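Asks: Following this message is one structure expressed as structure tokens.
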Amino acid sequence: MRKFCCVLLAMLPLSVFAYPIDVTKKIDGVKVDYTASDVDGDISSIQLNNYGTNDAVCSVTFTNGPESPRMRKVTVPAGKSTNTTVKFSRAIIKMRIALACAPK
């Protein structure tokens with residue numbers, strides 16, 4: 001039992017780097033899907049996949065609490081995917097991503 005507790009305590013720091021990610025999306029007239037992920041304790045990423053026949057112009061706003069929001073504008077060609085990342089100066093506790101896409 002003592003060994004089991006030691007192993008459990010040793011694995012505890014492995015779960016520290018994960019943080020919740022909330023994505024709100026506003027997609028008008030394009031077939032765009034997303035996959036949000038945490039890269040590191042202060043880096044977040046979102047992958048945008050365009051399944052439609054038209055190019056899409058997307059605006060992605062990353063918000064991490066008290067820091068100023070970081071905005072990225074991305075063009076996703078038809079049938080392709082793209083990644084967008086952002087690095088903050090503090091550790092991320094909860095990531096909020098606002099995604100807005102429209103046809104080009």
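Asks: Just the residues that are acidic (Asp, Glu) and under 13 Å from Ala102 (Cα atoms), please, taken from the stretch 40-60. Break it down into steps so the answer makes sense when it comes.
Replies: Keep residues of the stretch 40-60 that are acidic (Asp, Glu), which gives 40, 42, 55.
Selection gives Asp55 alone.
Asks: I'm trying to understand the selection: among the residues of the stretch 27-41, which are charged (D, E, K, R) and over 24 Å from Ile93 (Cα atoms)? If you could, list the steps in order and put the result at the bottom.
Replies: If we filter the stretch 27-41 for residues that are charged (D, E, K, R), which is where we start, we get 28, 31, 33, 38, 40.
Residues satisfying the conditions are Asp28, Lys31, Asp33.
Asks: Now for a separate question. From Ala102, Ala36, grab the single residue that is within 22 Å of Ala18 (Cβ to Cβ) and surrounded by 15 or more Cβ atoms within 10 Å (Cβ to Cβ).
Replies: Values: Ala102 fails: within 22 Å of Ala18 (Cβ to Cβ).
The unique qualifying residue is Ala36.
Asks: Of all residues in the stretch 72-101, which are of a type in the set (S, T, N, Q) and under 13 Å from the mean Cα position of the chain (by Cα)?
Replies: First, pick out the residues of the stretch 72-101 that are of a type in the set (S, T, N, Q): 75, 81-85, 89.
Matches in the stretch 72-101: Thr82, Asn83, Thr84, Thr85.
Asks: Given (1) closer than 26 Å to Ala18 by Cβ; (2) part of a loop (DSSP other than H, G, I, E, B); (3) not polar (S, T, N, Q), where does Gly52 come up short, assuming only one miss?
Replies: Unmet condition: (1).
Asks: Let me ask something else. Need the failing condition index for Lys104 against (1) within 12 Å of the chain's Cα centre (by Cα); (2) over 19 Å from Ala36 (Cα atoms), just the number.
Replies: Result: Lys104 passes all but (1).
Asks: Considering only the stretch 64-104, state which residues are part of a loop (DSSP other than H, G, I, E, B), touching a Ser or Thr at 6+ places or on another chain (Cβ under 9 Å) and aliphatic (A, V, I, L, M).
Replies: Listed by number, the residues that qualify are Ala78, Ile92.
Asks: Quick one: which of Gly29, Gly41 is at positive phi and in contact (Cβ under 8 Å) with a residue 40 or more places away in the chain? Lay out the reasoning, then the answer.
Replies: Numbers: Gly41 fails: at positive phi.
Answer to the check: Gly29.
Every number here is computed from the coordinates shown, using simple stated rules; none is lab data. Remember, it's a predicted structure, so these values are computed and weren't measured experimentally. Backbone-built Cβ (ideal geometry, glycine too); neighbour counts: all protein chains shown.
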